[in-house]
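No lab work stands behind these numbers, since they all come straight from the coordinates. As the structure is a prediction and not an experimental result, all values here were calculated from the model. Neighbour counts run over all protein chains shown; Cβ positions are idealised from the backbone, glycine included.
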Amino acid sequence: MRRGETVSARLWASSVWVLVGFFVLNLLAMIAAVVVNSLGTRWFNTWLPQGFTTKWYFSAWDEFQLGDVLFTTFQVVGAVVVLSGLLGVPAAYALARREFPGKRLVVLLFLLPLLVPPITFGIPLATVLYRAGLAGSISGVILANLVPTVPFVILVMIPFIEQIDPRVEAAARVFGAGTLRLFIHVLAPLLAPGILAALLLVLVRTIAMFELTFFTDGPTSQTLVVALYYAVYAAGVRAGQSIDAMAVIYMVTTLVWLLIALRFVNPTQIVGRARR
Amino acid sequence: MPLRLALSRRGIDGVTLLVLPAALFVVALFVYPFLYGLVLSLQPKAGGWLANYAKFFSDPFLYGTIGKTLWLAVPATLLNILLSIPVAMRVRRMHRQRLLTAILVLPITLGTVLIAEGLLLYLGPQGWLNRALMGFGLVSHPIRLVHNYWGVFISLFISGFPFTFLLTLSYVSGIDPSLERAASTLGADTRSRFRHIVLPLLAQGLAINFCLSFVQTFSVFPSAVLLGAPAGVTRVISIAAYTAAFEQYDYSMASAIAMIMGFSQLIIVAAVLGARVLVYRGPAGGGKG
């Protein structure tokens, strides 16, 4: 830091760092505890388990039918990513390029599902989906998960689109490109980084989305995070280690995508709502 | 085509229509369910049209959940906001923000269920935290941190802090550093620079930040079940709503509780945003021009 800072200022600075360090340390220790437990044989009254084994992963795989659960998870996540891109990107384009009466109202419409927490709108939504006969199936889970992700894609994409020079599009129009061709040949390549970033964030958020899936799923449409919840909820029936093995599998699924996402996006975007 | 021309003058043409599919989707799956839920909550299984609400506010087991939720959500949110300010003030001058922010993003992506499972293990009587505390001789018996208020509080703190911090960081980075430099030239020390320059500019952002974080913590659900005492001190309002919907299959009552949950959030948010106006009104960017 700069010279001439007083002792109390330095003390303050270091206490802030100690605080951050303490937080990060506990966070990593918590994650490490799950990993160690999933690999341990017997762990009681000691710092570390007596021995290490990988058998819990095999037993978790069978006990919780993780093959099916992972398949469902990828189906749900894949559909949510594709559909929220297809619905969100064109809408973001319209909002970035056109001024029309009622635009503020439309923006508010897209902000609300991000501001209202999933639990609050999840229960009425689940009720409607049950009445429509969609809940309990994979399509119900996909529909419910799309409610926050479509607005999310729109709000992340608007600034990306605004920074593209409209003259590029005007030039393409002059040469006779229709809206569709403009989209495929001009906009899609220019927007690719933005779309990639937005969809990766949707992917990470959907894997971790608990409430909406929990409310709308049925026995055949559980995703990984809901399966994990049920396992922890009914802990005692199963070995703690195999629950943690599932937790590790869940963690790895999210973290792989998070690491990929972090190569393309700024971490603040994950919190990401409309920047202004 | 005079109609088309007239519409396009007002900004409505083929491109504008691209907003329609997404807008219709949100109306169908967000606005409609909300209105449906509101109407459904007014059609109780028995009694008059306000019977659900009357039942909620006359049964201490039900209306008590609001207080219990607030008792968790408000302190956790305030603690998060208060801690995020000094950390963000420090981190904004850092050159390698990316690694720290990446670590802090972890809890957001891991989600509340995994945090609950991790904390059950880590904070439990045989967990590493208690072991370390006893090893340092700070406590003689393991302290009870799970299946009570503190377990939920800690999980709210861990899952909430990154979110609050990243928002505060983006607001703090938005303040023009030349304002502080000017104050420093005029002889203001760190503390008064913060009090008279940064804090007023930050107030607006902090109010929004409080609202967003509060709304998230107010709807705590998985950790209140897994880490708390879901029948006792951490019987939060979302548990009441869940029980009504998926255990008693009383969708009308569940919708009523969801509406009450939404309105309680709205009241707090409106109060905070209203109080914000008293502190400062103006741009946070400053500087240019």
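Taken about its Cα centre, the protein assembly as shown carries a charge dipole of roughly 1820 debye when the Cβ of each Lys and Arg holds +1 and the Cβ of each Asp and Glu holds -1. For the pair B:LEU199 and A:THR41, label points projected 7 Å from Cα toward Cβ lie 5.9 nm apart.
For A:PHE22 and B:ALA270, a Förster radius of 51 Å and the Cβ-Cβ distance give a FRET efficiency of 0.90, rounded to the nearest 0.05. Once the Cβ-Cβ distance of A:THR220 and A:LEU86 is raised to the sixth power relative to R0 = 25 Å, the FRET efficiency obtained is 0.45.
Ranked by how many other Cβ atoms sit within 10 Å of their own Cβ, fewest first, the residues B:GLU247, A:GLU162, A:GLU211, B:GLU180 fall in the order B:GLU247, A:GLU162, B:GLU180, A:GLU211. The stretch between B:ILE103 and B:ARG191, if pulled fully straight at 0.36 nm per residue, gains 28.8 nm over its current Cα-Cα span.
Counting 0.36 nm for each residue step from B:LEU79 to B:VAL39 and taking away their Cα separation leaves a gain of 10.7 nm.
In the protein assembly as shown, taking the dipole from charged Cβ atoms about the Cα centre, the farthest positive-side position among B:TRP49, A:VAL265, B:TYR171 is held by B:TYR171. Peptide A:87-96 has a mean of 5 when you count, residue by residue, the C-beta atoms of other protein chains within 10 Å of its C-beta. For chain A, the 222 nm mean residue ellipticity estimated from helices alone, with every DSSP H stretch of n ≥ 4 adding -39500 (n - 2.57) and the total spread over all residues, rounds to -24500 deg cm²/dmol. Largest first and in whole Å, the equivalent-ellipsoid semi-axes of the range B:88-185 read 35, 17, 12, each the square root of five times a Cα gyration tensor eigenvalue. Spin-label pair B:ALA132-A:LEU108: with each label point 7 Å from Cα along the Cα-Cβ axis, the two points sit 4.8 nm from one another. How would the range A:80-225 be classified by its alpha-carbon gyration tensor: rounded, prolate or oblate, with rounded meaning a/c under 1.5 and the a/b versus b/c comparison settling the rest? Prolate, because a/c is 1.5 or more and a/b exceeds b/c. Taking a span of 30 Å or more along the helix axis (Cα atoms) and a mean Kyte-Doolittle hydropathy of at least 1.0 as the rule, the DSSP H helices of chain B that qualify are B:60-91, B:97-123, B:149-173, B:251-279.
Relative to the longest principal axis of the C-alpha atoms of chain A, give the angle of the C-alpha long axis of helix A:240-264, reported between 0 and 90° and rounded to the nearest 10°. Taking Cα atoms only, the helix is inclined about 30 degrees. Computed on chain A, with alpha-carbon pairs under 8 angstrom and 6+ residues apart, the relative contact order is 28 percent.
Per residue of peptide A:225-232, the mean number of Cβ atoms on other chains within 10 Å of the residue Cβ is 5.
If you sort the three axes of the alpha carbon gyration tensor as a ≥ b ≥ c, you get a/c of 1.5 or more for chain B and a/b no higher than b/c, which makes it oblate. For chain A, the longest principal axis of the Cα atoms and the long axis of helix A:138-162 meet at an angle of about 60 degrees. Take B:181-188, A:130-137 and order them by the average number of nearby Cβ atoms within 10 Å per residue, most first; the result is A:130-137, B:181-188.
Magnitude of the charge dipole for chain A, about its Cα centre and with charges confined to Cβ atoms of Lys, Arg (+1) and Asp, Glu (-1), is about 900 debye.
Between B:HIS95, B:LEU78, B:MET134, the Cα set farthest toward the positive side of the dipole of chain B (charges on each charged residue's Cβ, about the Cα centre) is that of B:HIS95. Here the dipole of the range A:41-179 is about 300 debye; that uses its Cα centre as origin and unit charges on the Cβ of Lys and Arg (positive) and Asp and Glu (negative).
Each of B:ALA6 and B:ALA46 was given a label point 7 Å from its Cα along the Cα-to-Cβ line. The distance between the two points is 5.8 nm.
Computed from Cα positions, the angle between helix A:103-115 and the longest principal axis of chain A comes to roughly 0 degrees. The spread of Cα positions in chain A, taken along each principal axis and listed from longest to shortest, comes to 74, 69, 33 Å.
Across chain B, C-alpha contacts under 8 Å between residues 6 or more apart give a mean separation that, scaled by the residue count, equals a relative contact order of 27 percent.
Amide H contacts of A:GLY40: A:THR53, each under 5 Å away and 5 or more positions distant or on a separate chain (H built 1.01 Å from N in the peptide plane; Pro and chain starts excluded). Please state the shape class of the range B:173-254: rounded when a/c is under 1.5, otherwise prolate if a/b exceeds b/c and oblate if not, all from the C-alpha gyration tensor. It is prolate, given that a/c is not under 1.5 and a/b is the larger ratio.
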